[in-house]
1. Find, to one decimal place in angstroms, the Kirkwood hydrodynamic radius of the stretch 112-201, where the mean of 1/r is taken over every pair of different Cα atoms and then inverted.
2. Please name whichever of I154, F112, T192 sits farthest to the positive end of the charge dipole of the stretch 112-201, dipole taken about the Cα centre and charges placed at Cβ: Lys and Arg +1, Asp and Glu -1.
3. Any idea what angle helix 188-201 forms with the longest principal axis of the chain, computed on alpha-carbon atoms, 0 to 90 degrees, nearest 10?
4. How far is the Cα center of the stretch 110-189 from the Cα center of the stretch 399-459, in Å?
5. So if I place +1 on the C-beta of Lys and Arg and -1 on the C-beta of Asp and Glu, and nothing else carries charge, what would the dipole magnitude of the chain be about its Cα centre? I want it in debye, nearest 20.
6. Amide H to amide H, which residues 5 or more places from R92 or on other chains are under 5 Å from it, using H placed in the peptide plane?
7. Do any of K24/K400; K110/K165; K29/K73; K283/K366 go past 31 Å between their Cα atoms, and which?
8. Which of S115, S429, S237 has the fewest other C-beta atoms within 10 Å, and how do the rest follow up to the most?
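Read-outs throughout are calculated quantities, based only on the coordinates presented, and are distinct from any laboratory measurement. Just so you know, these numbers come straight off a predicted model, no measurement behind them. Quick reminder, even Gly has a Cβ in these numbers, built from the backbone with ideal geometry, and neighbours come from all protein chains shown.
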Amino acid sequence: MSKKIIVIGAGISGLTTAYLLSKKGFNVKILEKNNSVGGSIESVTENGFLFDRGPNSALETTPIIAQLIKELKLENELLYASKLANKRYILRDNKLHALPMSPPGLIKTKLFSTSAKFRLMAEPFIGRSKDGYYQSLAEFVKRRLGQEFLDYAINPFVAGVYAGKPEELSVKSAFPKLYALEEKYGGLIIGTVRSIRERKKRAEVAKQSAKMLSFKNGMAVLPKAIEKYFGSNVLLSSEVTSVDKTETGYSVSYLKNGETNKIDCDIVLSTIPVYTASKIFTKHDKEFKTHADAIYYPPVLVYYLVYDKKNIKQDLDGFGFLIPAKENKSFLGALWSSIIFSDRTDDTKAAFTLFVGGSRNPEFVKEDRTTLLIKVRKEFESLMGITAEPIFTSERFWEKAIPQYNLGYIEHERFFDDFEKRNPGIFISGNFRGGISVGDCIKNAELVTNKIFENLKGV
């Protein structure tokens, strides 16, 4: 008889891991407290416009993504981003500058000063830090690449990925591959060159060169396809309230339609946000809550805007733009959504997705929402040379958006590893472990699957 596994949470982490476990022959059920799957992945059509309220795409950094698409028969739904999306802009002095993607581009760009460019050339001669794990991303980058590169490249990049601040993020936990380049090879430039060969051997693709993908009906296509695969083994509107040890495994209690139900299983895999997981697992270890509470999820407001192209002066030839903190704007950046995936609007219109708040400005939640959005929109229109009102707007507020891998995160990672060892049969996963992107979550799902498989071998 196959081992029974309960997966808590039907976000992309939970669904992908459940799918891979099922393919290995395990009996898997998924419990999800919401009435739909996907977690932060939300694809919505309003007024004929399709937009993603959470992740808008995924990078094809692991073969597992192609495997899922093939096995779930999503090839006809698959979309790759326009080549225009390779071009990215950074705001400096109220002007958009293309981020240089090559040595000649770096020489020509006005994004960085001449002194900053010379500073970059010194990177191979910078030694390793003695601070080890306990370095902020800001400290790491300033030491290796200089203050200006930190201000006008890394600061906006971090805002775009984490909605975070480089002064607070741990370079080891938030950007482990960047940290590894120094730790293993002694520097970023030489490390990048040498690591390319290693990635090829692992059949992995670097994020900066990986293809960006989505689906004709938005990113939600993928989690919905996995839901369809599982059928009745996905229990929606089922909130887990307790996980209790039994003589043979675990008993999972959940609330559905006002009634408490129980399922016995051999393995419990939690993929829900850590602040929610804390309510379930703290009784197994009082320290769980301490570590869970220390992981910060800042608020983020996603603002979707559609305009007639004829009213836009800015050339629409890129992925979008990010805003350094030094520019003092009310939002973090903007995706040019209909340029990345052209089917999101017709040829006469352009759709944009703006991001507000994050760790840079969590206090925005105290502002009047209407006043704030007017301010954001006016700033955006000024930067883009837009001369008319939007023809459609929509918004999505995430009270707790993206887990921050801040300084000291290594201690949380160690705790969760130890927690699993002290509680055999319980596994803790999700985007607060192993990376926050869709690609990271899918790649980590394979690692967790293998860990569970090894745990159950011979049992």
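1. After inverting the mean inverse Cα-Cα distance, the result is 13.5 Å.
2. T192
3. On a 0 to 90 degree scale, this one is about 50.
4. Between the Cα centre of the stretch 110-189 and that of the stretch 399-459, the gap is 26 Å.
5. Dipole size: approximately 1160 debye.
6. H97
7. Numbers: K24/K400 34 Å; K110/K165 24 Å; K29/K73 22 Å; K283/K366 34 Å.
As for pairs spanning more than 31 Å Cα to Cα, those are K24/K400; K283/K366.
8. S115, S237, S429
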